[in-house]
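First comes the structure, then the notes that go with it.
The values are calculated or read from the model by the stated rules, or taken from the named source; none is laboratory data. None of the values given here were measured: they were computed from a predicted structure. Neighbour counts run over all protein chains shown; Cβ positions are idealised from the backbone, glycine included.
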Amino acid sequence: MFESLSDRLSGVFDRLTKQGALSEDDVKTALREVRIALLEADVSLPVARDLIKAVQEKASGQSVTKSVTPGQQVVKIVHDELVHVLQGDGDPGALKIDNPPAPILMVGLQGSGKTTTTAKLAKRLKDREGKKVLMASLDVNRPAAMEQLQILGAQIGVDTLPIVKGEDPVQIAKRAKTAAAMGGYDVYILDTAGRLHIDAELIAQAAAVRDVAQPRETLLVVDGLTGQDAVNVATEFDDKIGVTGVVLTRMDGDGRGGAALSMRAVTGKPIRFVGLGEKLDAIEEFHAERVAGRILGMGDIVSLVEKAQQTIEADQAERMMKRFQKGRFNMNDMRMQLDQMLKMGGMEGMMGMMPGMKKAAKQVEESGMDDSVLKRQIALINSMTKTERANPQLLQASRKKRIAAGSGLEVRELNQLIKMHRQMADMMKKMGKGGMLKQAMKGMF
Ligand code: GDP
């Protein structure tokens with residue numbers, strides 16, 4: 001899986017991480033090579049482009065962290081972006097198969113590996129989760145397909161719905177539902193018929209089955225070797241039938257892997273499993289972190305940078321706390337706090353976490369302040385001189401006007417910022433005396 005992409009990328013990053021200092025051009029050249037490698041692996045163009053753009057932005061905004069090289073930092077950023085591309089906003093978690101008997105609908109083109117995947121999944125649910133599983137083939141056009149599922153079932157020790165000649169797929173689905181309920185099954189998996197291409201009849205049949213079965217999960221099986229086509233097939237199936245997850249098969253081959261990388265970003269659907277061979281246990285849950293690690297092959301560097309970042313954040317927190325306890329809280333500190341707030345889900349999220357700040361959080365909510373306010377406040381602080389940031393009380397009316405104008409904002413907003421700074425400084429001082437600050441800061445970093 002991903003071998004050629006992985007080889008290409010490790011070549012690029014080996015060169016990058018060996019350099020002590022990096023110019024913007026070095027990073028650009030490296031990212032250009034990453035982009036080409038992604039495209040050659042058949043990652044869709046917009047996905048590759050967005051990924052590179054995100055990396056570029058993050059790399060240029062990143063301050064240099066001691067104890068790791070800039071190249072190592074770039075590797076970490078690429079890793080994080082890969083994870084993001086692979087899983088979108090989050091891990092989809094386990095299959096939703098509570099409330100027995102839970103129906104799972106398997107859809108996909110003929111030859112994608114649907115029947116094999118049905119059996120692999122059934123085996124997995126039985127072996128790993130102790131589920132009682134029933135499988136049913138709805139492929140009335142191909143008796144051989146029905147028999148194939150029966151044979152696989154016997155091999156893995158999972159029941160299949162007895163074959164009754166002359167039934168249509170909807171009737172089989174209904175019978176499976178009854179049999180699953182009567183037989184005390186936890187899960188029943190419906191293996192629908194496939195076609196070589198998506199056509200109206202295939203879709204109509206799958207939709208009719210979906211309507212009677214009301215599946216908890218509709219898993220689309222696609223052949224990972226088909227690259228961009230796999231992504232197109234997924235988009236179409238999702239539009240017409242609605243899928244909850246994707247299984248990419250044949251990821252054991254020397255496929256270029258691009259389908260895996262584009263799938264989530266293009267379709268918005270999570271990859272749930274990957275098929276890694278013909279054997280019935282050759283299936284793996286899809287974990288974005290693990291796959292990104294495999295693609296980059298640089299797990300050591302990623303954890304090194306993570307550790308360095310954690311140490312630095314802890315150092316920073318410690319230093320800040322000492323300053324606050326002494327009643328020192330200037331605009332630089334304020335800016336750091338605002339940055340942190342943005343990272344932690346905005347004003348409300350963070351203030352709610354700090355003892356004694358619940359009331360302030362409520363005020364924030366009522367005043368309609370949101371993240372754009374935080375960003376504007378950061379812009380105002382950025383427009384101040386170093387001396388002003390250290391001693392905001394020095395700000396005269398004329399300078400206030402200049403600062404507000406410099407960040408395209410009103411003096412009123414600057415005054416609000418100054419007031420908020422003063423209140424926070426007071427609060428920090430009070431909290432510092434009571435030892436509450438230490439606790440509050442612990443929650444923040
Ligand atoms: P269906 O028509 O979609 O039901 O496809 P099948 O399940 O019959 O699979 C077609 C062929 O692909 C069979 O020979 C399977 O053994 C093979 N196959 C399925 N999944 C994988 C996989 O993950 N890796 C490999 N190498 N072969 C697979």
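Do we have Ala213 as in contact with a strand residue (DSSP E or B) (Cβ under 7 Å, 6 or more places away or on another chain), hydrophobic (A, V, I, L, M, F, W, C) and within 16 Å of the ligand (Cβ to nearest atom) here? No. Picking from Ile172, Ile151, Ile163, Ile203, which residue would you name as being part of a loop (DSSP other than H, G, I, E, B), free of Cβ contacts under 8 Å to residues at least 40 places away in the same chain and among the aliphatic types (A, V, I, L, M)? Result: Ile163 is the single residue among Ile172, Ile151, Ile163, Ile203 that is part of a loop (DSSP other than H, G, I, E, B), free of Cβ contacts under 8 Å to residues at least 40 places away in the same chain and among the aliphatic types (A, V, I, L, M). Filtering the range 219-248 to residues that are part of a strand (DSSP E or B) and crowded, with 24+ Cβ neighbours inside 10 Å leaves Leu219, Leu220, Val221, Val222, Val246, Val247, Leu248.
Annotation note: of Gly184, Gly258, the sole residue that is more than 16 Å from the ligand (Cβ to nearest atom) and at pLDDT 95 or above is Gly184. Tell me, yes or no, whether the range 132-152 has at least one residue that is more than 16 Å from the ligand (Cβ to nearest atom) and under 30 Å from Gly268 (Cβ atoms). So far as the range 132-152 goes, yes, one or more of its residues are more than 16 Å from the ligand (Cβ to nearest atom) and under 30 Å from Gly268 (Cβ atoms). Restricting Leu149, Leu161, Leu220, Leu202 to residues that are under 22 Å from Gly113 (Cβ atoms) and in contact with a Phe, Trp or Tyr (Cβ under 7 Å, 6 or more places away or on another chain) narrows the list to Leu220. Within the range 136-151, the only residue that satisfies the criterion of being farther than 11 Å from Thr192 by Cα and crowded, with 22+ Cβ neighbours inside 10 Å is Leu149.
Residue-wise test of (1) surrounded by 16 or more Cβ atoms within 10 Å (Cβ to Cβ); (2) at pLDDT 80 or above; (3) touching a His at 6+ places or on another chain (Cβ under 6 Å).
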{"site": "Met1", "(1), (2), (3)": "yes, no, no"}
{"site": "Arg8", "(1), (2), (3)": "yes, yes, no"}
{"site": "Glu24", "(1), (2), (3)": "no, no, no"}
{"site": "Val27", "(1), (2), (3)": "yes, yes, no"}
{"site": "Leu31", "(1), (2), (3)": "yes, yes, no"}
{"site": "Ser44", "(1), (2), (3)": "yes, yes, no"}
{"site": "Ile52", "(1), (2), (3)": "yes, yes, no"}
{"site": "Lys58", "(1), (2), (3)": "yes, yes, no"}
{"site": "Ser63", "(1), (2), (3)": "no, no, no"}
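Inspect the range 176-195 for any residue being free of Cβ contacts under 8 Å to residues at least 40 places away in the same chain, of a type outside the set (Val, Ile, Thr), assigned by TED's automatic domain parsing to the domain that holds Gly257 and at negative phi and give the result as yes or no. Yes, some residue in the range 176-195 is free of Cβ contacts under 8 Å to residues at least 40 places away in the same chain, of a type outside the set (Val, Ile, Thr), assigned by TED's automatic domain parsing to the domain that holds Gly257 and at negative phi.
Scan the range 427-445 and give yes if some residue there is outside any loop (DSSP other than H, G, I, E, B), over 25 Å from Ala314 (Cα atoms) and modelled with pLDDT of 75 or more, otherwise no. Looking through the range 427-445, none of the residues is outside any loop (DSSP other than H, G, I, E, B), over 25 Å from Ala314 (Cα atoms) and modelled with pLDDT of 75 or more. Against the list (1) at pLDDT 85 or above; (2) farther than 27 Å from Thr178 by Cα; (3) over 22 Å from the mean Cα position of the chain (by Cα), the condition Arg210 fails is (2).
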